[in-house]
Amino acid sequence: MEFMILRRANQNTERGQQPPALEPGIFLRPSAEAVRLVRRDGVWSQSQGPFSPKELVAGFTLIEAESREDAIEQVRWFPLFDSGAVYEIRDPGCPGGCVGFDDRGTAAGTLPRRDEALTRYVVFIRSDADMEANRVPPAEVIDVMNAYNEAGVRQGVLLAGEGLRGTSNAARVHFANSKTTVVDGPFTEVKELIAGYWMLQAASIDDAIAWAKAYPYPSPGDLTLEIREACERIAHQEFTPEMRAAEERLRAELLETGLREAFSKKSRARQG
């Protein structure tokens with residue numbers, strides 16, 4: 001099974017820090033360079049970042065896991081020194097059968113072609129009540145979307161795309177020093193959620209905006225999009241000996257805490 005892991009933004013990521021746990025994955029430039037597009041009654045408006053960190057995603061990656069519980073456990077063992085991080089675990093896919101694609105190819109077997117002369121942009125479709133409820137669009141709408149995605153890959157514009165199901169089966173893993181906590185969905189802050197994304201390559205943000213406005217979205221009504229530039233991993237710092245030592249200490253503390261809690265539960269059970 002595949003799960004989408006979204007790294008929620010905070011002040012550190014908005015300063016451009018790159019979480020090592022997202023390697024490999026997609027990291028996004030701070031929202032000061034982002035654009036939001038809002039469609040109301042068929043009319044588009046545009047606003048420039050920065051935006052509130054609590055509304056943002058700083059990056060994302062796909063992982064393979066045997067179950068939701070396995071995915072949570074994998075994320076809990078991301079580097080612990082990334083204190084304050086929140087990772088959101090989501091089911092990929094969208095209701096109705098729209099087909100995701102990435103560098104492994106489309107459903108028709110077409111492989112995206114990366115052009116290093118162009119900039120990668122991620123277009124997020126922000127969630128609303130219908131998307132969070134997994135409303136299924138008409139079949140003909142899904143067919144148009146799939147055909148548009150396939151054409152975009154063939155034209156050398158689209159590199160990846162995927163829907164995200166509502167958060168009823170989602171979870172968030174919160175990191176705080178040597179501890180992690182897990183919060184199960186659904187999450188009520190719908191305006192802070194992402195319902196899907198496309199990654200495209202373009203010569204400029206204006207070209208990316210033009211593409212985003214032209215897409216045949218499944219919802220004919222109001223819509224909010226966010227366009228972010230993907231960051232190349234040019235400044236990623238390898239673990240230093242000091243960082244490795246700190247990580248090992250945190251792991252030992254986490255293991256000791258877990259064992260202590262397990263023994264305490266057994267002791268209480270025997271006494272009961």
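Below is a table of values for the structure above.
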quantity: Accessible surface of segment 40-106 [probe 1.4 Å, protein heavy atoms]: carbon and sulfur percent; calculated: 50
quantity: Cα-centred dipole magnitude for segment 83-139, charges only on beta-carbon of K, R (+1) and D, E (-1), debye, nearest 20; calculated: 140
quantity: Residue 136 accessible area, 1.4 Å probe, all protein chains in place, Å² to nearest 10; calculated: 90
quantity: Rounded to the nearest 20 debye, dipole of segment 31-141 from Cβ charges on Lys, Arg, Asp, Glu; calculated: 420
quantity: Distance from segment 61-137 to segment 140-174 (C-alpha centre basis), Å; calculated: 9
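The values are calculated or read from the model by the stated rules, or taken from the named source; none is laboratory data. Keep in mind that this is a model prediction, so the values were computed, not measured. Positions of Cβ are generated from backbone atoms using ideal geometry, with glycine treated the same way; all protein chains shown enter the neighbour counts. All accessible areas refer to the heavy atoms of the entire protein, side chains included, with ligands and DNA or RNA removed. Shrake-Rupley method; radii C 1.70, N 1.55, O 1.52, S 1.80 Å.
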